[in-house]
């Protein structure tokens, strides 16, 4: 099991994050929360990554706020400073993990779910120190982060029954990246949005979630 720690952003501020330790010199993965906040589900993802051999850090983008109410989650997401979260909170987490593995030249990747998936793409666009990125059912506003500008290896997981990241939006993302000469690894599942979240039985799909996790670990093994 991991623990809450404090780490430093590039601007010198210190913020909280959930850290699951796999050992000094191991590759790192930053895990970015859904719109609910840094809850047990996201912490469990970090724990699973640690068990697989990756130092995992999930920054607390909402500064301790967590909800189970969609209206409140929408309000908190809308109020989030996405550029600040990308360039400060997430970059600080990347730098923290990179420093842990610096002696062995270990790499750091970023992954996230829902809102965190959108921020994963934003991080892959704006943070050149990221070695690879895995997005789960999230797409940012193109004006803030154009997926066609992703330079690192990129894997994504999307659901066919998703009213937010619709199949049409996913197809457009893939076309834009391919047109820009990228080679995205995009997987589509016959499932609902948030199909990997086992705390939400109304949308969780065990088979699809297991397949997506296996693909993610294979991607990290190849790229980190």
Suppose each label sits 7 Å from its Cα in the direction of the beta carbon; what would the residue 81-residue 199 distance come out to in nanometres? 2.6
A correct fewest-to-most ranking of 18, 137, 62 by other Cβ atoms within 10 Å would be 62, 18, 137
Measuring from label point to label point, each 7 Å out along Cα→Cβ, what is the residue 5 to residue 48 span in nm? 2.2
Out of all DSSP beta bridges with both ends in the chain, state the antiparallel percent to the nearest 5. 30
The rounded separation in angstrom of the Cα centers of region 81-160 and region 8-22 is 16
Cβ density ranking, 10 Å radius, fewest first, applied to 114, 208, 135 yields 208, 114, 135
Going fewest to most other Cβ atoms within 10 Å around each Cβ, 170, 110 line up as 170, 110
Given 0.36 nm per residue, what is the gain on full extension from residue 213 to residue 188 after removing their alpha carbon distance, in nm? 7.7 nm
For residue 168 and residue 40, what does the FRET efficiency come to when R0 = 35 Å and r is the distance between their Cβ atoms, rounded to the nearest 0.05? 0.60
Within the set 13, 33, 88, GNM on the chain using Cα springs under 10 Å gives the largest fluctuation to 13
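Every number in this text was worked out from the coordinates using simple rules, so none of it is lab data. Please read these numbers as outputs of a predicted model, since none were measured by experiment. Note that each Cβ is placed from the backbone with ideal geometry, even for glycine, and that neighbours are counted across all protein chains shown.
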